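S.K.: I have a structure I would like to understand better, so I am pasting it below and will then ask my questions one at a time.
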Amino acid sequence: MAPREKSRRDREDRDNEFVDKLVHINRVAKVVKGGRRFGFAALVVIGDQKGRVGFGKGKAREVPEAIRKATEAAKREMIFVPLRDGRTLHHDVNGRHGAGKVVLRAAPAGTGIIAGGPMRAVFETVGMQDVVAKSIGSSNPYNMVRATFEALKNQMHPKDIAARRGIKYATLQARRRDLIGAEE
């Protein structure tokens, strides 16, 4: 097999592992001498449903080209989100971008994704199955996605928190179990 074919096949395999969601398309018009010239802006969220997720914007004269550009931008700007049991957040978190504010809360198994449009796309692509989210303020999809990403970037794994505090992970988990047992 030629090296060129191998690299192309590797790239296709890497592309197939990602799930992408088109969040928003905006049509803009530029008035010129002969009339209006239309352009399109696309917002795409992409993820591997195992904790990696990214978003991107693309602008072009045609919709497919704008979506392609947005997808490429999303692949370049991916982050990793630690998930508890591969299904929900480790702790509640807030995010903000501009006038868009979001509140993300961990949820028990079977809750599902309770979130609005742009946030739902992010949670589905990251692989989250149980989460409760609320958008406060701006309903602009760009700001909502950015605020959601800010919140997800602040998500910390308990092992990182234990290391920061200088205690053992097992001690931290034992305290958590004691707190959960006290609530019930």
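The values are calculated or read from the model by the stated rules, or taken from the named source; none is laboratory data. Model, not experiment: these values are computed from the prediction. Glycine gets a Cβ as well: all are built from the backbone with ideal geometry, and neighbour counts include every protein chain shown. Only protein heavy atoms, including side chains, enter the accessible area calculation; ligands, DNA and RNA are left aside. Shrake-Rupley method; radii C 1.70, N 1.55, O 1.52, S 1.80 Å.
S.K.: Please list, ordered by residue number, the strands (runs of 3 or more DSSP E) wholly in the range 1-85 having 2 or more residues that are in contact with a Phe, Trp or Tyr (Cβ under 8 Å, 6 or more places away or on another chain), within 17 Å of residue 142 (Cα to Cα) and at pLDDT 90 or above. It would help to see each step written out before you state the result.
M.R.: Details: elements: 19-32, 35-47, 52-60, 78-80.
Fully inside the range 1-85 and qualifying: 19-32, 35-47, 52-60.
S.K.: Considering 114, 136, which residue is touching a strand residue (DSSP E or B) at 6+ places or on another chain (Cβ under 8 Å), open to solvent by 60 Å² or more (accessible area, probe 1.4 Å), of a type in the set (A, V, I, L, M) and within 27 Å of residue 17 (Cα to Cα)?
M.R.: Working: 136 fails: within 27 Å of residue 17 (Cα to Cα).
Sole residue among the options that is touching a strand residue (DSSP E or B) at 6+ places or on another chain (Cβ under 8 Å), open to solvent by 60 Å² or more (accessible area, probe 1.4 Å), of a type in the set (A, V, I, L, M) and within 27 Å of residue 17 (Cα to Cα): 114.
S.K.: Another one. Of all strands (runs of 3 or more DSSP E) completely enclosed by the range 91-184, which ones contain at least 2 residues that are modelled with pLDDT of 90 or more and out of contact with any helix residue (DSSP H, G or I) (no Cβ under 7 Å at 6 or more places or on another chain)?
M.R.: On the way: elements: 93-97, 100-106, 131-137.
Ranges flagged: 100-106, 131-137.
S.K.: Limited to the range 117-133, what total is found for residues that are crowded, with 19+ Cβ neighbours inside 10 Å, within 17 Å of residue 54 (Cα to Cα), of a type outside the set (S, T, N, Q) and touching a residue at least 40 places away in the same chain (Cβ under 8 Å)?
M.R.: 5
S.K.: Let me ask something else. Considering the range 88-111 alone, what residues qualify as being over 24 Å from residue 71 (Cβ atoms), open to solvent by 20 Å² or more (accessible area, probe 1.4 Å) and in contact with an Asp or Glu (Cβ under 8 Å, 6 or more places away or on another chain)?
M.R.: 96, 103, 105, 106, 108, 109, 110, 111
S.K.: Checking the structure you have, find out if any residue of the range 28-44 is touching a residue at least 60 places away in the same chain (Cβ under 8 Å) and either under 23 Å from the mean Cα position of the chain (by Cα) or surrounded by fewer than 20 Cβ atoms within 10 Å (Cβ to Cβ) (or both). Even if it seems obvious, please write down each step before you answer.
M.R.: Here is the first cut: in the range 28-44, the residues touching a residue at least 60 places away in the same chain (Cβ under 8 Å) are 43.
So of that shortlist, the ones also either under 23 Å from the mean Cα position of the chain (by Cα) or surrounded by fewer than 20 Cβ atoms within 10 Å (Cβ to Cβ) (or both) come out as 43.
Checked the range 28-44: at least one residue is touching a residue at least 60 places away in the same chain (Cβ under 8 Å) and either under 23 Å from the mean Cα position of the chain (by Cα) or surrounded by fewer than 20 Cβ atoms within 10 Å (Cβ to Cβ) (or both).
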